[in-house]
Amino acid sequence: MRALLFLLLCLPACPVLSAPPPEPMLATSYRDGVPVSAFLVSEKLDGVRGRWDGRMLWTRGGARIRPPAAFTRGWPAEPMDGELWIGRGRFDEASATVRRVEADPRAWREMRFMVFDLPAHPGPFADRVARMHGLVAAAGNPALAMIPQRRFGTAAELDAELARVVAAGGEGLMLHRHDALYRAGRSDALLKYKPHQDAEAQVVAHRPGKGKYQGLMGALQVRTPEGRSFRIGSGFTDAQRIAPPAPGSWVTYRYNGFTSTGLPRFARFVRVRDEPPPPDPVR
């Protein structure tokens with residue numbers, strides 16, 4: 001009886017564990033003929049996707065992120081999707097900061113959570129954009145910012161914006177249909193537009209190098225989520241050839257279309273992924 005009374009008294013003071021937010025909305029690729037004027041357009045930031053559940057930060061794969069307390073001070077009790085971003089070309093710094101078990105306040109000083117969607121909001125994307133502006137302003141915390149959203153009338157205007165962003169060191173653009181509701185999984189209402197294609201694959205083995213790469217890793221043998229196997233032999237630094245990604249790890253690679261057998265053409269290494277890619281939900 002005393003034990004039961006102790007538990008009842010303890011309950012209000014015991015912390016309530018948050019669960020990761022629901023499955024995220026995932027982009028498909030931009031294609032010719034898309035009605036550009038129906039979309040809001042933002043820069044595709046090269047950072048770490050973060051998901052705020054109203055109390056805690058999570059990675060896209062559901063791992064807990066533990067920033068310093070000041071980083072999330074004043075944030076709304078409303079789920080937000082965003083990018084943990086330091087700046088163009090600084091993905092490795094952002095990834096290393098996010099992966100640290102013990103947060104280093106100095107490393108988080110330049111980090112921003114660039115919010116781009118509200119997964120629990122019931123309205124269309126245009127309404128969610130207006131709501132995001134209000135949430136960021138009310139938070140009054142410089143660590144919480146918003147990715148600017150713009151409209152373009154034609155494909156030519158969109159291409160000019162893509163060229164400008166890439167020339168400045170950016171990765172590409174994101175297009176979100178202004179009337180679309182938030183839906184988990186792959187969506188034609190959310191498009192990514194980049195000057196190259198990219199995807200993920202799992203490392204199966206290391207292939208030995210030849211010539212100037214004698215004694216080093218020459219290529220990665222990888223397998224796609226669909227089970228297709230091929231090699232990635234370019235895009236590596238000398239340090240990565242000395243200590244290549246371990247078998248079982250996931251990597252991001254770029255490619256230019258497909259061969260006649262359906263394999264990625266001119267596949268080249270970009271980076272090691274911290275998490276495997278999320279599976280597409282079964283519908």
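Here are a few things to note about the model shown:
- Footprinting exposure proxy ranking of F266, F113, fewest other C-beta atoms within 10 angstrom first, gives F266, F113.
- Under 5 Å from the amide H of L216 lie the amide H atoms of G209, each residue being 5 or more positions distant or on a separate chain, with H modelled from the backbone and absent for Pro and chain starts.
- Of interest is the spacing of the C-alpha centroids, which for segment 204-283 and segment 18-81 amounts to 26 Å.
- Nearest 10 degrees, 0 to 90: helix 155-167 Cα axis against the chain principal axis: 90
- Fully extending the segment from A69 to S229, taken as 0.36 nm per residue of separation minus the present Cα-Cα distance, adds 53.2 nm.
- Proxy reagent accessibility, fewest Cβ within 10 Å first, across F230, F152: F152, F230
- Those lysines that a straight Cα-Cα span of less than 28 Å connects to K44, excepting residues fewer than 8 apart in one chain: K192, K194
- The trypsin sites (Lys or Arg not before Pro) of segment 114-175 that meet both conditions, a loop assignment by DSSP and at most 15 other Cβ atoms within 10 Å of the site Cβ, are R151.
- Size of the chain as Cα extents on the principal axes (Å, biggest first): 72, 54, 41
- Residues of the chain were split at every exposed loop site, defined as GluC sites (Glu not before Pro) in a DSSP loop with at most 10 other C-beta atoms within 10 angstrom, and the longest piece left, sites excluded, is 103-225.
- For the chain, with +1 on Lys and Arg beta carbons and -1 on Asp and Glu, the positive-most of F125, G262, W75 along the dipole: G262
- Shown here for segment 191-261: trypsin sites (Lys or Arg not before Pro) in loop regions (DSSP other than H, G, I, E, B) with at most 16 other Cβ atoms within 10 Å, namely K210, R228.
- Gain upon complete extension [A160, R186; 0.36 nm per residue less C-alpha separation]: 6.7 nm
- Antiparallel DSSP beta bridges within segment 25-193, percent to nearest 5: 75
- Evaluated at q = 0.20 Å⁻¹: base-10 log I(q)/I(0), Debye formula over Cα of segment 25-193: -1.40
- Rounded to 5, percent antiparallel among DSSP beta bridges of the chain: 85
- Rounded to 10°, Cα long-axis angle of helix 125-139 versus longest principal axis of the chain: 60
- Packing-based order for 46-54, 58-66, using average beta carbon neighbours within 10 Å, highest first: 46-54, 58-66
- Charge dipole (Cα centre; +1 on Lys/Arg Cβ, -1 on Asp/Glu Cβ; no other charges) of segment 25-193 amounts to roughly 460 debye.
- Only Lys, Arg (+1) and Asp, Glu (-1) charged, at Cβ; the chain dipole about Cα centre in debye: 700
- Relative contact order, percent, the chain [alpha-carbon distance under 8 Å, six or more residues apart]: 18
- Hull volume in cubic angstrom per residue (convex hull over the Cα atoms of segment 160-283): 157
Read the figures in this text as sums done on the coordinates, not as results from a lab. Being a predicted model, the structure only gives us computed values, none of them experimental. Because the Cβ atoms are built from the backbone with ideal geometry, glycine has one as well, and the counts that use them run over all protein chains shown.
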